[in-house]
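Have a look at the structure below before the remarks.
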Amino acid sequence: EPEVTQTPSHQVTQMGQEVILRCVPISNHLYFYWYRQILGQKVEFLVSFYNNEISEKSEIFDDQFSVERPDGSNFTLKIRSTKLEDSAMYFCASTGTRNTDTQYFGPGTRLTVL
Amino acid sequence: SQQGEEDPQALSIQEGENATMNCSYKTSINNLQWYRQNSGRGLVHLILIRSNEREKHSGRLRVTLDTSKKSSSLLITASRAADTASYFCATDPQWGKLTFGTGTRLTIIP
């Protein structure tokens, strides 16, 4: 069964460093998302992406964040200058041909900022 | 309550019993999805119910949706130890931007 994959599973970085989290959505999906979950808290929407551009972003997704689909398979989230409060689990998700369909989530990348 | 609030926050039952979790939300939705999360792991999709549907089944899962009360319930029948996890409802008020609840922590006692 097709699945969303994410790398790395765990990323440790120093405050102020740039990180890139990578995702490979399900191959025929058209809508892509990033969410995050701070330890013990709700899963929060960050950004949605369709047709090579951002469809919607939350207040969390400020100028320090960016997303890219550099090729036909990868979908990346970049944090330019990490802060302690960026420590969280980051989930990528994808949906097929309608953005009201099931969102399939990857296993997540745990980001730890020291 | 906030969009997508589950109750109870925690539930412990004996293996074999049924587990019911509820979700309430505030705004109109396109659909409501239920997910399971094992501790520290990813989100596993369980079931999606659209706003024009009232009930849906998938194996041992039964989901209901009452849009007039802005609520949904997830029933897991004949629970197993492997069902121990956190369960979240996620509403879709804005075309793909899922809003998650705080979750119900379900513990199945063998």
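Among the residues of the stretch B:51-74, write down those that are loosely packed, with under 14 Cβ neighbours inside 10 Å and at the interface with chain A (Cβ under 10 Å from one of its Cβ atoms).
Of everything in the stretch B:51-74, nothing turns out to be loosely packed, with under 14 Cβ neighbours inside 10 Å and at the interface with chain A (Cβ under 10 Å from one of its Cβ atoms).
For the subset of the stretch B:23-39 comprising residues that are open to solvent by 50 Å² or more (accessible area, probe 1.4 Å) and of a type in the set (Gly, Ala, Ser), which member is farthest from the other protein chains (Cβ to nearest Cβ)?
Out of the qualifying residues, it is B:Ser28.
Anything in the stretch A:25-44 that is more than 7 Å from every other protein chain (Cβ to nearest Cβ) and surrounded by fewer than 22 Cβ atoms within 10 Å (Cβ to Cβ)? List them, or say none.
Hits for the stretch A:25-44 are A:Ile26, A:Ser27, A:Asn28, A:His29, A:Leu30, A:Gln37, A:Ile38, A:Leu39, A:Gly40, A:Gln41, A:Glu44.
From A:Val113, A:Val67, A:Val12, grab the single residue that is of a type in the set (A, V, I, L, M) and either within 12 Å of the chain's Cα centre (by Cα) or surrounded by fewer than 12 Cβ atoms within 10 Å (Cβ to Cβ) (or both).
Values: A:Val113 fails: either within 12 Å of the chain's Cα centre (by Cα) or surrounded by fewer than 12 Cβ atoms within 10 Å (Cβ to Cβ) (or both); A:Val12 fails: either within 12 Å of the chain's Cα centre (by Cα) or surrounded by fewer than 12 Cβ atoms within 10 Å (Cβ to Cβ) (or both).
Exactly one residue qualifies, and that residue is A:Val67.
List every residue pair whose Cβ atoms sit under 8 Å apart, with the two residues 6 or more apart in sequence or on different chains, where the first one lies in the stretch A:45-62 and is more than 9 Å from chain B (Cβ to nearest Cβ) and the second, anywhere, is open to solvent by less than 20 Å² (accessible area, probe 1.4 Å) and of a type in the set (Val, Ile, Thr).
As it stands, the answer is A:Ile54/A:Val47; A:Lys57/A:Val47; A:Phe61/A:Val47, since those pairs meet every condition given.
The values are calculated or read from the model by the stated rules, or taken from the named source; none is laboratory data. Remember, predicted model here, so these are calculated numbers, not experimental data. Cβ sites come from the backbone with ideal geometry, for glycine too, and all protein chains shown count toward neighbours. Accessible surface is based on the protein model in full, side chains and every heavy atom, while ligands, DNA and RNA are left aside. Shrake-Rupley method; radii C 1.70, N 1.55, O 1.52, S 1.80 Å.
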